[in-house]
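Undergrad: Input: one structure, supplied below.
The values are calculated or read from the model by the stated rules, or taken from the named source; none is laboratory data. Keep in mind the model is a prediction, meaning the values are calculated, not measured. As a convention, Cβ positions derive from the backbone with ideal geometry for all residues, glycine included, and neighbour counts pool all protein chains shown. Calculation scope for accessible area: heavy atoms of the full protein, side chains included, ligands and nucleic acids excluded. Shrake-Rupley method; radii C 1.70, N 1.55, O 1.52, S 1.80 Å.
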Amino acid sequence: MSKRIGVLTSGGDCAGLNAVIRAVVHSAAFKGWETVGILDGTAGLLKEKPDYKVLTPEEFDGTVMRMGGTILGTTNKGDPFHFPMPDGTFKDRSGEIIDNYKKIGLDAVIGIGGDGSHAILRKLAQQGGVPMVAIPKTIDNDIGETEASVGYDSAVMVATEALDRLQPTAASHDRVMILEVMGRDAGHIALAAGIAGGADVILIPELEYSIENIAEKIASVKKSGRNFALVIVSEAVKTPEGEPVQVQYSDGQFRYGGIGNYLGAQISEKTGIEARVTVLGHVQRGCPPTFTDRLLAAAFGVRAVNMIEEGKFDRMVAWKNREVVDVSIEDAIAAYQAVEPDSSLVKTARGLGISLGD
Ligand code: F6P
């Protein structure tokens, strides 16, 4: 039986989203189904006339899947159940989205998002009776019940390459180079890129640190005859006093940013060595996806479409033990995955003599 399925990207973009959309469109078309792309996440459904377009396999001729970003657009603002109105009040606008799902005539929706988006999309699916399958994406890699999320591998690659580029200039100028990376409250990007990129110090929000310990490590590097050091820090690392370092943006929201500069000043003061800071920011999200992210995107997209065929809903595709599996969305949201302090990668870093600042 022919179906019309919807696909939307929600939350912050990352590399690999277009590869997921391509996989969904191709595998749906293979079954004789139509795929509708909803534009700008839930924002596209908060208009009187829903913003969507029919996606054909011909559009995905091989160029789109190589591109970063999402051709559908996305939003990481405005929970429709508690939507900020221009007059400063909040309104439940979920009914408008559900009406628009129905106007488009969807048999099912595939939501590509992080845990926050999945929670909202799941509630909409339950209220509106439009069945849903979730696909995990986030550079932060903090979604539970899956070993990998689309976008993480590419972000780690960018951060690793940044360390590769910082190392020669650090060596040329006898400097400490500090790289601040994203990851929200989880230190996965800093830990993985720090190991892969040869950092001397890795700071993640899951472990407490002291400036003295960092200074000690840098002094021992210097004593060993090396004239430079590389430090990678996760954006959510707090000051030693436990204060988060954030910036308030024009939309009124606070976002992480600035811990690198804070540490740079402290390290220079303690060691007398020049420190310079690079804040990598959104460069970690806009790159072409790595092969790993493309494979994950393909496997997740195909599985999600198969699940719709099998009538398996309210579930998220996941990667476990070299296989694509599916898990309950509720469990995945509940099992938020930060870095475990005794995980293999933490032990690996310690085993290499990398300082974790603790
Ligand atoms: O969740 C992905 C992420 O890139 C985080 O790592 C970062 O803290 C945040 O989004 C940045 O959000 P925005 O794109 O709104 O600046």
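Undergrad: Within segment 76-141, report the trypsin sites (Lys or Arg not before Pro) that DSSP leaves as loop and that have at most 15 other Cβ atoms within 10 Å.
TA: The qualifying sites are LYS77.
Undergrad: Take the alpha carbon atoms of segment 30-84, find their center, do the same for segment 250-314, and report the distance between the two centers in whole angstrom.
TA: Rounded to whole Å, the Cα centres lie 21 Å apart.
Undergrad: Heavy-atom accessible area per residue, the chain, 1.4 Å probe: how many Å²?
TA: Per-residue accessible area for the chain comes out at 44 Å².
Undergrad: Once the Cα atoms of the chain are picked out, what are the Rg and Dmax in Å?
TA: Every Cα atom of the chain included, Rg and Dmax give 21.9, 71 Å.
Undergrad: Something else now. Please tell me which of these pairs span more than 27 angstrom C-alpha to C-alpha: LYS47/LYS320; LYS91/LYS238; LYS222/LYS347?
TA: Too far apart for the 27 Å limit: LYS47/LYS320; LYS91/LYS238.
Undergrad: While we're looking at this one, here's another question. For the chain, set up a Gaussian network in which alpha carbons nearer than 10 Å are linked by springs, and say which option among ALA28, ALA159, ALA335 fluctuates the most.
TA: In this elastic network of the chain, the residue with the biggest mean-square fluctuation among ALA28, ALA159, ALA335 is ALA335.
Undergrad: Sort 4-10, 320-326 for me by packing, meaning the mean count of neighbouring Cβ atoms within 10 Å per residue, highest on top.
TA: Ranked by mean Cβ neighbours within 10 Å, highest first: 4-10, 320-326.
Undergrad: Right, something else. If we count every other residue with Cβ under 12 angstrom of VAL245's Cβ, Lys/Arg +1 and Asp/Glu -1, where does the sum land?
TA: Computed value for this residue: -2.
Undergrad: Over segment 162-292, what percent of the accessible surface lies on carbon and sulfur atoms, probe 1.4 Å?
TA: 48 percent
Undergrad: Extending each Cα 7 Å along its Cβ direction at ASN306 and PHE291, get the distance between those two points in nm, one decimal.
TA: Here the modelled spin labels are 2.2 nm apart.
Undergrad: What shape does segment 148-291 take by its C-alpha gyration tensor, where a ≥ b ≥ c are the square roots of the eigenvalues and a/c under 1.5 counts as rounded, a/b above b/c as prolate, and the rest as oblate?
TA: Judged from the Cα gyration tensor, segment 148-291 comes out oblate (a/c at least 1.5, b/c at or above a/b).
Undergrad: Looking at the chain, do any whole DSSP H helices span at least 30 angstrom along their long axis by alpha carbon and average -1.0 or above on Kyte-Doolittle, and which?
TA: Helices meeting the span and hydropathy rule in the chain are 152-173.
Undergrad: Next question, about the same structure. Mean residue ellipticity at 222 nm from the helices of the chain, using -39,500 (n - 2.57) per DSSP H segment of n ≥ 4 over the full residue count, to the nearest 500 deg cm²/dmol?
TA: Taking each H run of at least 4 residues, the total per residue is -11500 deg cm²/dmol.
Undergrad: Is segment 146-231 best put as rounded, prolate or oblate by its Cα gyration tensor, with a ≥ b ≥ c the root eigenvalues, rounded for a/c under 1.5, and otherwise prolate when a/b is larger than b/c, oblate when not?
TA: The shape class here is oblate.
Undergrad: When Lys and Arg each count +1 and Asp and Glu each count -1, what net charge do the other residues less than 12 Å away from LEU179, Cβ to Cβ, add up to?
TA: -3
Undergrad: What distance in nm separates the two pseudo spin-label positions at ASP314 and ARG4, each 7 Å out from Cα along the beta-carbon direction?
TA: 2.6 nm
Undergrad: So who's got an amide H within less than 5 Å of the one on LEU55, skipping anything under 5 residues away but keeping other chains? H placed 1.01 Å off N, in plane.
TA: Those qualifying (amide H under 5 Å, at least 5 residues apart or on another chain) are THR35, VAL36, GLY37.
Undergrad: Okay, which of segment 249-276 sit inside 15 Å, backbone N to the point 7 Å along the Cα-Cβ direction of THR239?
TA: So the set is 257-267.
Undergrad: Now a separate question. Shape of segment 87-199 from its Cα gyration tensor (a ≥ b ≥ c, root eigenvalues): rounded if a/c is under 1.5, otherwise prolate when a/b > b/c, or oblate?
TA: prolate
Undergrad: So, one more: Report, in debye and to the nearest 20, how large the dipole of segment 70-205 comes out about its Cα centre when Lys and Arg carry +1 and Asp and Glu carry -1 on their Cβ.
TA: Here segment 70-205 has a charge dipole of around 480 debye.
Undergrad: Within 10 Å, count the other beta carbons around each residue, average over each peptide in 173-179, 256-262, and list them highest first.
TA: With the highest mean Cβ count within 10 Å placed first, the list reads 173-179, 256-262.
Undergrad: Label GLU147 and LYS77 with points 7 Å out from Cα along Cα→Cβ: what is the distance between them in nm?
TA: 3.9 nm
Undergrad: Starting with the highest mean, order 304-316, 213-225 by the number of other Cβ atoms within 10 Å, averaged over the residues of each peptide.
TA: The peptides rank, most packed first, as 304-316, 213-225.
Undergrad: Show the residues, 5+ positions off or on another chain, whose built amide H is closer than 5 Å to the amide H of VAL277.
TA: Placed amide hydrogens put ILE178 under 5 Å from VAL277.
Undergrad: With charges only on Cβ, +1 for K and R and -1 for D and E, what is the dipole size of the chain about its Cα centre, in debye, rounded to 20?
TA: My answer is approximately 660 debye.
Undergrad: Follow-up question, since we're still on this one. Going out from 0 in 10 Å bins, what whole percent of all Cα-Cα distances in segment 215-320 drops into each bin?
TA: 11, 25, 21, 23, 13, 6, 1
Undergrad: Still on this structure, I have one more. Around LEU72, under 14 Å between beta carbons, what's the net of Lys plus Arg minus Asp minus Glu among the other residues?
TA: Its environment carries a net charge of -1.
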